[in-house]
């Protein structure tokens, strides 16, 4: 079923959640390497059960892009004991909602369901981790669905199309340059044998994580998980992604012409990820630039001068490998993409030249922290947040995240802007509307 | 994600834990209906103020007026400029949005519990004392015009607008909520001031307060801020519901795209109609989930679409039922035939027991997830109140859905699914 949440841009800071959670997490690793995180939450008789595989478009090869996402679709196509369509049927007839997404770094499956159906879901997920059919006929038919999905998200969507182009010029060596959904030619070409091999390589317990939050007893849930997933044999550790993006030594630029009403401008700078001490400052910087209507880009470009219909920025704190810091703007009618590109660049230069105000810094920190608290309201989001932190080194990092954000100073922001936003590390994409 | 379920103002209400009241309800002396649900576990509060001031009240030659008014509520009050409103709420990491839809204008607040007083101050300011500064009106008009222009890039939006015009000819629902670029150009500050004065009034306003708050506290805080809001003389404006369906029409919009977006739609019924429940089940069997007939045939078996689904759109003055699919241009005629065949099949024979059971169990069983955050509960409460469904609606929904039989489904399908009764819109590279 399903699809990519292609979040190249605007995966807004999965805002993390407040403290009281992490200390009650039951965390363990089964003998076969499966990581398990369980958190009881008895407010409602519901549970969010999620399986995260440490594989995404990052693990793909040129010529076979989109395979991780294609496989995600196939995960709903049955096993020998539960035929095609049975997964959705079983979940829905038990009142559950299921879905999945593929990102650059991970493939995630979730079922949100009444807590008393947890055992069923555990069995279904354990079954498809090991026994997926991957029948050639089903693959052929689902290929057409994936192609339609690409048409919707990319071919017929000016913003989607442009972001793909910018990523592809920004990354020469690292697979972050590939579209998550894959190039059309690759989607059409990928063979069943390749999909099966990809499944065998990456869908193994020691490359996966189970996260559940909801109204269950953790010891009993763990026992059930152990019985269902524990018998799946450990696989050979997948080969690490070795590609490292070399430093960029000059601006890169792409122009796209497509039927559209307004132009779009994207700027992307190579920046470090959460492993760097600069990551919390980049997170705060991103919020100062684009978090809400009091943020710099909105207030200046959209509100005060009305140069843009929309303007924003995004930083991927959770990215497994160093990724891009994005800026974008849609010029108002009558404004040119050149103007908006210059204005976005000026904002970056201003961050290097003059300190942000104390109010801006405090507001950004409050926004980040508050978003954490709001996430605690949903079992689904609580589970996803635990998973995000576990993927970057451990769910307990969730607790130190806010501390790190709180420690960011005005001087840190000026410094990281100077270090990371050099013009020669920038990639620029412009979409020019082709009149109807 | 699997499929984009675009819910045009859809409320899919359902059961809460049987017997437990969904919320405390009382009517303040000035007519405001106050709904409070205590959810103490997480220190946040969600507030909704729903005023019966949606686009359906736009004067004929003023399309987009409610939408503009909604967008301007937070753009300046008696005590704060627009940037001051933004800075105040964002400094505490909260959010405050005001937006008008077809029937209503809604102000939505989310704050941490510790910031509730500030949040409610802002809510009451934007509801009671918006000043509609001329510069903000000018600014917002050009912004809305640009947004309308940009939305022309999205085939789903384009198709929805045309479909609304075909389903609701001559009714305000047939006109886009945001108006057109031309109609918005004609709107003035005077129009906004007048619309606000006439349509935003306590006796048609519903306030929901949900989260880490007690009933007493909510009553005290809301009364302190909105209690003195005077009820105007005269009855609120009434709107004529859409009654007879118009003769179905077909329209195409040419766009240079690789896919065609196809939408079928017709008038349907509100939740207050007993047939709403079997119709909900029928819609789910036809195109509601990934085990539905349309999903199975068009997507799973034929590989013709990524998105294909049906939905019931509730609205106070004229509900609708619609089906949509996006497919590669060359195959659009085939998908049209498939949708029509599946609609017809629903009218001809009873649904299988397993299909019926699945739809019913899904609709009932998934309901807790529609009420799993304070924000969702607040949205649900104001919708239930606005539609006049009663706070027991959640329990009633569950019970009514459980009682739906295969024969009921076929009966309502025979009434609402005959393919010839549907309008149809296609957006794409039409030859």
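Distance from the C-alpha centroid of the range A:44-98 to that of the range B:59-138: 41 Å, rounded to the whole angstrom. Determine the distance separating the Cα centre of the range A:355-378 from the Cα centre of the range A:167-227; give it in Å without decimals. Here the answer is 32 Å between Cα centres.
Taking 0.36 nm per residue of separation and subtracting the current Cα-Cα distance, fully stretching the chain between residue B:414 and residue B:352 would add 20.7 nm.
In this simple spin-label approximation, residue A:350 and residue B:117 carry label points 7 Å from Cα along the Cα→Cβ vector, and these lie 3.4 nm apart. State, to one decimal in nm, how far the label point of residue A:239 lies from the label point of residue A:223, with both points 7 Å from Cα in the Cβ direction. Here the modelled spin labels are 4.3 nm apart.
Centre-to-centre, using Cα atoms only, the range B:226-269 and the range B:358-390 are separated by 22 Å.
Averaged over peptide A:81-91, the number of partner chain Cβ atoms lying within 10 Å of each residue's Cβ comes to 3. Here each label is just a point 7 Å from Cα along the line to Cβ, and for residue A:338 and residue A:396 those points are 5.7 nm apart.
For chain B, the longest principal axis of the C-alpha atoms and the axis of helix B:189-199 are separated by about 80°. Adding -39500 (n - 2.57) for every DSSP H run of four residues or longer, then dividing by how many residues chain B holds, sets the calculated 222 nm ellipticity at -12000 deg cm²/dmol.
Sorting A:257-263, A:198-204, A:121-127, B:43-49 by average packing, meaning the other beta carbons within 10 Å per residue, from highest down gives B:43-49, A:121-127, A:198-204, A:257-263. Residues considered: A:267, A:309, A:242. Largest GNM mean-square fluctuation over chain A, using C-alpha springs under 10 Å, is found at A:242. Legend: calculated FRET efficiency, residue A:140 to residue B:185, from the Cβ-Cβ distance at R0 = 56 Å, rounded to 0.05, equals 0.60. Counts of other chain beta carbons within 10 angstrom of each beta carbon in peptide B:351-364 average 2. Once you have a ≥ b ≥ c as the square roots of the Cα gyration tensor eigenvalues for the protein assembly as shown, tell me rounded if a/c is under 1.5, and otherwise prolate or oblate according to whether a/b is larger than b/c. It comes out rounded by the Cα gyration axes. Report, to the nearest 10°, how far helix B:393-403 tilts away from the longest principal axis of the Cα atoms in chain B, using its own Cα long axis and a range of 0 to 90°. It works out to around 10 degrees. Once a ≥ b ≥ c are taken as the square roots of the eigenvalues of the Cα gyration tensor of the range B:175-252, is the result rounded (a/c under 1.5), prolate (a/b larger than b/c) or oblate (a/b not larger than b/c)? The shape class here is prolate. Rounded to the nearest 10 degrees, the inclination of helix A:218-229 to the longest alpha-carbon principal axis of chain A is 80 degrees. For the peptide A:93-100, the mean number of other protein chain Cβ atoms found within 10 angstrom of a residue's Cβ is 6. Stretching the chain fully between residue A:116 and residue A:201 yields a gain of 27.3 nm (0.36 nm per residue, less the alpha carbon separation).
For chain A, adding -39500 (n - 2.57) for each run of n ≥ 4 DSSP H residues and dividing by the number of residues yields -12000 deg cm²/dmol at 222 nm. Subtracting the Cα-Cα distance of residue A:249 and residue A:424 from 0.36 nm times their residue separation leaves 62.5 nm of extension gain.
Using a Gaussian network model of chain A in which every pair of alpha carbons under 10 angstrom is joined by a spring, one finds that among A:62, A:296, A:226 the greatest mean-square fluctuation is at A:62. Measuring nothing but how far apart in sequence close Cα pairs (under 8 Å, 6+ apart) lie, relative to its length, chain A scores a relative contact order of 24 percent. Apply the a/c threshold of 1.5 to the C-alpha gyration tensor of the range A:276-378 and tell me whether it is rounded, prolate or oblate. Prolate, because a/c is 1.5 or more and a/b exceeds b/c. When peptides A:360-372, B:283-295 are ranked by their average number of other Cβ atoms within 10 Å per residue, the highest-first order is B:283-295, A:360-372.
Using R0 = 22 Å, the C-beta based FRET efficiency linking residue B:254 and residue B:334 works out to 0.65.
A short reminder: the numbers here are calculations on the coordinates, not readings from a lab. Computed from a predicted structure; not experimentally measured. Note: ideal-geometry Cβ built from the backbone for every residue, glycine included; neighbour counts use all protein chains shown.
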